[in-house]
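*Asks:* Before I ask anything, here is the structure I am working with.
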Amino acid sequence: MMQFSSQAAPPQHPLLKPKPNNIHGLFLDPSSPNNLLHNRSTRPWPGSFPTSSKTLGSFNTAGCMEQLLAHCASAVEANDATLAQQLLWVLNNIAPPEGDSNQRLTSAFLCALISRASKSGSCKILASAAGDLAATNSSLSDALHRFSAVELASFVDLTPWHRFGYSAANAAIVEVSEGFSTIHVVDLSTTHCMQMPTLIDALSNRPEGPPILRLTAVSLTDETLPPPLLDMPYEELGARLVNFARSRNVPMEFRVIHSSPADGFSDVLDQLRVQQLVSDGEALVVNCQMMLHCIPDETAGAVASSVGITPSISLRSMFLKALRSLEPVLVTIVDEDADFTSPDVVTRLRSAFNYLWIPYDTVDTFLPRGSEQRKWYEAGISWKIENVIAQEGLQRLERLESKGRWGQRMRNAGFRALGFGEEAVAEVKGMLDEHSAGWGLKREEEDLVLTWKGHNVVFATAWVP
């Protein structure tokens, strides 16, 4: 368990309520004779539109929903307002936001597609609703709960999604720290140092005695921050961690570096280079927990150009090569095993749909319907979907890459994989025993992978120069 001494989910978008008799409504009943747009001689949706709940139910499968969403995204990108409107009408009727896991997943993608159309203006009839959409996006932002440290510690303990990476990384850090009197951990994490209490506990039990722990936390400077959000300054969080470490007889120093993924965390690298000149005998560990994918990838040439980088150069690879020059004793990378880097929104939609069903599927095993924590949890997933589908440029932070691609980047930067020992595996398995039977663990070469019902979810890798 982590140790430290509410709001409603976003409502269904008002534009998604069908208005069969209003020609200015966005979602006109496709079967209505009054629907002038439907009766126009433009490309119709294949076959006649279903109008009864029984017929609509035939579309209520994950495969059909994915196909409908992909066709809708294509229509929006092609500025085909008629087809987009028809598909959105069907999706709205088969995917209520309070439905089963597939319906809730589809509903979140539906809202993200409307948001994209409004932002890009590619589909004029949808973009005309920008004012109402702003209210919906505001509701989504409001639904993102700001956690206290105690709330967040309890929240991440609900599922192995983050605990898996904590356990694997901690085991690797403790192993490489043997023989060092001072360990400097640079924490690049989206969960605001929630891993650190368990690491402090592990270091306090080191046979040769606890080392001095110097913790550098990286705080994002961008206005668009990925959830979960922390409702306290990092300085206060650091003070609590120092007090906790003192109670475990671990001498600890804490500092914060405010930096941005948009330029490859250049502020972090600059400060580490300066510090390296005055530090002697400490073990530098860079702990990357689901934050590196926020660095723009090389497929987004426009993003690279906007920050003054030649589009052909990968900011991610530049960051990793800069890390290698600092000679860390260990770099851990924990992230979600999916690929959201395509510049094509339809490809991203399919990838995201075939990955993000997992958090919707797992939630029933640990949070009851209607609970406050469940609303917080699903609001976070909705934010991720909206970011993948509706955002571009520097605002699109959710640019996941697969484990294999990150491994290739690390090897190209001059790192070699460090396998996880039996103690690390036992630690992870013990943690998984506290959760639903659907979770599993597998080895892939030197790496560990968290699975749900056999599907890869999160990977953990450890690297040395």
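The values are calculated or read from the model by the stated rules, or taken from the named source; none is laboratory data. All values reported here derive from a predicted model rather than from experimental measurement. Neighbour counts run over all protein chains shown; Cβ positions are idealised from the backbone, glycine included. Heads up: the accessible areas ignore ligands, DNA and RNA and are worked out on the full protein's heavy atoms, side chains in. Shrake-Rupley method; radii C 1.70, N 1.55, O 1.52, S 1.80 Å.
*Asks:* Roughly what would the spin-label model give for HIS455 and GLU423, points 7 Å off Cα along C-beta, in nm?
*Replies:* Placing both labels 7 Å beyond Cα along the Cβ direction yields 3.5 nm.
*Asks:* Extension gain MET232-ASP267, at 0.36 nm per residue separation less the Cα-Cα distance, in nm?
*Replies:* 10.4 nm
*Asks:* Follow-up. For GLU434 and VAL274, FRET efficiency with R0 = 41 Å and r from the beta-carbon atoms, rounded to 0.05?
*Replies:* 0.45
*Asks:* Which residues in the stretch 158-176 place their backbone N less than 17 Å from a point set 7 Å from the Cα of ASP201 along the Cα-to-Cβ direction?
*Replies:* Residues 158-175 fall inside that zone.
*Asks:* May I pose another question? Find how much the distance from ILE313 to VAL256 grows on full extension, using 0.36 nm per residue of separation minus their present alpha carbon separation; answer in nm with one decimal.
*Replies:* 17.7 nm
*Asks:* Taking 0.36 nm per residue of sequence separation and subtracting the Cα-Cα distance, how much length would be gained by fully extending the chain between GLU392 and SER154, in nm to one decimal? Intermediate values should be presented prior to the final figure.
*Replies:* Details: separation 238, 0.36 × 238 = 85.68 nm, distance 3.28 nm.
Difference between extended and current length: 82.4 nm.
*Asks:* Along the Cα→Cβ direction, 7 angstrom out, place labels at ALA62 and ASP100. What is the inter-label distance in nm?
*Replies:* Modelled inter-label distance: 1.1 nm.
*Asks:* Computed FRET efficiency, Cβ-Cβ of GLU175 and SER342, R0 41 Å: what is it to the nearest 0.05?
*Replies:* FRET efficiency, GLU175 to SER342: 0.65.
*Asks:* Run the accessible area of the stretch 313-429 with a 1.4 Å probe and give the carbon-and-sulfur part as a rounded percent.
*Replies:* Here carbon and sulfur together make up 49 percent of the probe-accessible area.
*Asks:* Hey, another quick one. Classify the stretch 307-456 as rounded, prolate or oblate, taking a ≥ b ≥ c as the square roots of the eigenvalues of its Cα gyration tensor: rounded when a/c is under 1.5, otherwise prolate if a/b is larger than b/c and oblate if not.
*Replies:* Working: a/c = 2.22, a/b = 1.15, b/c = 1.93.
Oblate, because a/c is 1.5 or more while a/b does not exceed b/c.
*Asks:* What's the tally of Lys pairs in the stretch 288-443 whose alpha-carbon atoms lie under 28 angstrom apart, where the two lysines are 8 or more places apart or on different chains?
*Replies:* 7
*Asks:* So, in nm, how far is label GLU327 from label ARG369 when the simple model puts each one 7 Å beyond its Cα toward the Cβ?
*Replies:* 6.0 nm
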